[in-house]
1. Given the criterion aliphatic (A, V, I, L, M) and either under 19 Å from ARG108 (Cα atoms) or open to solvent by 10 Å² or more (accessible area, probe 1.4 Å) (or both), identify the matching residue among ALA211, ALA216, ALA221.
2. Just give me the residues in segment 377-420 being within 12 Å of THR203 (Cα to Cα) and open to solvent by less than 10 Å² (accessible area, probe 1.4 Å), in sequence order.
3. Being within 19 Å of the chain's Cα centre (by Cα), among the small types (Gly, Ala, Ser) and more than 20 Å from ILE364 (Cα to Cα) is the filter here, so list the residues in segment 298-338 that pass it.
4. Regarding HIS328, is this residue open to solvent by less than 30 Å² (accessible area, probe 1.4 Å) and either modelled with pLDDT of 95 or more or charged (D, E, K, R) (or both)?
5. If I ask for residues that are among the aliphatic types (A, V, I, L, M), open to solvent by less than 60 Å² (accessible area, probe 1.4 Å) and in contact with a Gly (Cβ under 9 Å, 6 or more places away or on another chain), which ones from segment 16-64 would you list?
6. Considering only segment 299-317, state which residues are hydroxyl-bearing (Ser, Thr, Tyr) and either surrounded by fewer than 20 Cβ atoms within 10 Å (Cβ to Cβ) or touching a strand residue (DSSP E or B) at 6+ places or on another chain (Cβ under 6 Å) (or both).
7. Is there any pair linking a residue in segment 138-155 that is more than 16 Å from SER181 (Cα to Cα) and touching a residue at least 40 places away in the same chain (Cβ under 8 Å) to one that is among the polar types (S, T, N, Q) and in a loop (DSSP other than H, G, I, E, B), with Cβ under 7 Å and at least six apart or on different chains, and which?
Amino acid sequence: MTTATVSPNAAAQPETVQADATARFDARRAVAGRPLSAVTGAEIQAPLISGGHVRYANLDYGASAPALSVVSAYLNEILPFYASVHRGAGYASQISTSVYENARNIVREFVGGRPDDSVIFTRNTTDSLNLLAGCLPATDGRPDGDVLYLDIEHHANLLPWQGVPHRSIVAADTIAGTIESVRAELEQGGVSLLAVTGASNVTGEILPIRALATLAHEHGARIVVDAAQLAPHRRVNIAGDGVDYLAFSGHKLYAPFGAGVLVGRPDWLDAGTPHLAGGGAVREARLDGVSWATGPARHEGGSPNVLGAATLARATQVIAGLDQDQWHAHESAIRSFLVEGLQKIAGVTVHQIFKDTNPDTDTIGVVNFSVEGYDAGLVAAYLSAEHGVGLRDGRFCAHPLLKRLGLPSGSLRASFGVGSRLEDAERLLAGIESLRRNGLGWDYVVDAGRWVPANDTRTYPHWAPNTPGTAGAAPCIDD
């Protein structure tokens with residue numbers, strides 16, 4: 001585990017230090033004082049446990065990002081034309097089919113895909129990687145090689161490979177060292193696929209995808225990138241970087257509905273086991289057999305998520321249209337302000353994987369931290385109930401990494417994006433400072449494995465079931 005620290009210049013006068021801090025804050029506010037792009041729900045009011053309401057500070061983009069307002073408007077525009085695709089001659093069906101198929105072209109262009117790359121719509125990144133796991137090449141029923149992955153992966157890029165021949169390696173405490181560890185394992189031979197994350201969902205650190213792709217190809221392997229966190233924060237170019245397969249999710253890229261995508265070379269996909277056996281995936285079905293289709297249809301059995309694919313594609317167009325310098329400056333201003341602020345609070349530790357990560361170029365809008373003396377779930381419940389701040393706590397579906405970081409019971413993650421503003425980070429810092437200075441302002445209890453305010457009388461909107469939000473707590477928080 002690496003923890004960064006801040007050491008003020010001892011020779012500087014207090015007035016100078018304060019002036020410099022003010023200047024930095026003003027510069028950050030100039031680029032991140034307002035959202036970079038409008039998102040739906042940006043002004044919803046969250047009830048406080050003590051009474052009253054406050055604008056909800058959404059710092060949980062890494063779990064599911066709010067829909068872009070442009071995408072919400074697009075959804076309302078196409079919704080009246082929603083119909084079955086590929087199977088109807090009617091007007092609405094023809095429009096829906098056109099929208100669905102054109103979404104493939106839009107997504108392929110967004111990720112810099114090759115002309116012949118398949119674009120397969122799935123439920124999410126996890127679904128995409130499970131699909132690819134069923135398409136690994138084999139000869140006479142024996143896999144042609146192992147899948148190699150790091151110990152820092154999200155479960156989506158770890159568990160699918162455990163059902164096939166695989167190897168895992170421990171990432172070094174530097175990016176440079178990790179590349180060398182990958183090189184050493186590839187040199188042993190017998191690897192068919194290198195599976196890596198584009199950006200850690202725990203710490204937001206970016207891996208050098210082009211360098212890893214080059215390594216894989218030098219040793220006769222292909223590479224798949226889990227871009228669930230990378231794609232919403234950085235432009236990717238799979239042809240330019242030599243990436244063979246890329247997976248990401250719409251719900252993290254400002255699109256509603258559960259839609260994901262797998263983009264990549266068609267040969268493995270066309271020869272692989274169909275992901276869903278059913279209508280639409282076949283050329284001809286018989287009572288005792290079937291002739292499977294090739295192309296995306298092979299893995300898209302059943303009626304597809306038309307609106308999910310369409311809104312995902314529309315979201316990529318909006319993201320692609322952002323000025324990259326302005327986009328990165330906006331995110332960097334919020335992240336650096338939050339990291340510096342957290343590091344100045346006694347008892348707060350900011351966590352990262354690699355000692356040589358460049359915070360200006362090698363990170364996305366994700367900050368991971370813990371507060372000494374407090375369970376992460378309790379801090380998250382406190383921030384929500386007493387400050388209207390939403391963030392993630394737990395082990396982030398990356399149990400091996402959290403254990404390796406010395407955080408077996410979890411930590412806290414603040415994540416943000418184009419709809420965020422500097423005020424969100426200010427609210428979080430104020431809440432943590434108050435916690436360290438004054439302690440909790442309310443009593444909290446554990447309900448269904450999660451911390452919640454005791455005697456909570458707050459209500460939900462009239463259309464929402466007024467039941468505890470812990471009813472569907474993930475089982476992995478119990479162990």
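The values are calculated or read from the model by the stated rules, or taken from the named source; none is laboratory data. In this text the structure is predicted, and so the values were computed from the model without any measurement. Cβ placement follows ideal geometry from the backbone for every residue including glycine, while neighbour counts extend to all protein chains displayed. Ligands, DNA and RNA are excluded from the accessible area calculation, which covers all protein heavy atoms including side chains. Shrake-Rupley method; radii C 1.70, N 1.55, O 1.52, S 1.80 Å.
1. On the way: ALA216 fails: either under 19 Å from ARG108 (Cα atoms) or open to solvent by 10 Å² or more (accessible area, probe 1.4 Å) (or both); ALA221 fails: either under 19 Å from ARG108 (Cα atoms) or open to solvent by 10 Å² or more (accessible area, probe 1.4 Å) (or both).
Of the residues listed, the single one that is aliphatic (A, V, I, L, M) and either under 19 Å from ARG108 (Cα atoms) or open to solvent by 10 Å² or more (accessible area, probe 1.4 Å) (or both) is ALA211.
2. Within segment 377-420, PHE396, ALA398, LEU401, LEU402, LEU405, SER411, LEU412, ARG413, ALA414, SER415 meet the criteria.
3. Selection gives GLY308, ALA309, ALA313.
4. On the way: open to solvent by less than 30 Å² (accessible area, probe 1.4 Å): no; either modelled with pLDDT of 95 or more or charged (D, E, K, R) (or both): yes.
No, not satisfied.
5. If the condition is that a residue be among the aliphatic types (A, V, I, L, M), open to solvent by less than 60 Å² (accessible area, probe 1.4 Å) and in contact with a Gly (Cβ under 9 Å, 6 or more places away or on another chain), then LEU36, VAL39, ALA42, ALA46, LEU48, ILE49, VAL54, ALA57, LEU59 are the ones that fit.
6. Within segment 299-317, the subset hydroxyl-bearing (Ser, Thr, Tyr) is 303, 311, 316.
Matches in segment 299-317: SER303 only.
7. Pairs found: HIS154/ASN201.
So that you can scan it fast, the table gives a plain yes or no per residue for (1) over 13 Å from ALA385 (Cβ atoms); (2) modelled with pLDDT under 95; (3) touching a helix residue (DSSP H, G or I) at 6+ places or on another chain (Cβ under 6 Å):
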residue	(1), (2), (3)
GLY417	yes, no, no
ALA425	yes, no, yes
LEU429	yes, no, yes
LEU435	no, no, no
GLY441	no, no, yes
VAL445	no, no, no
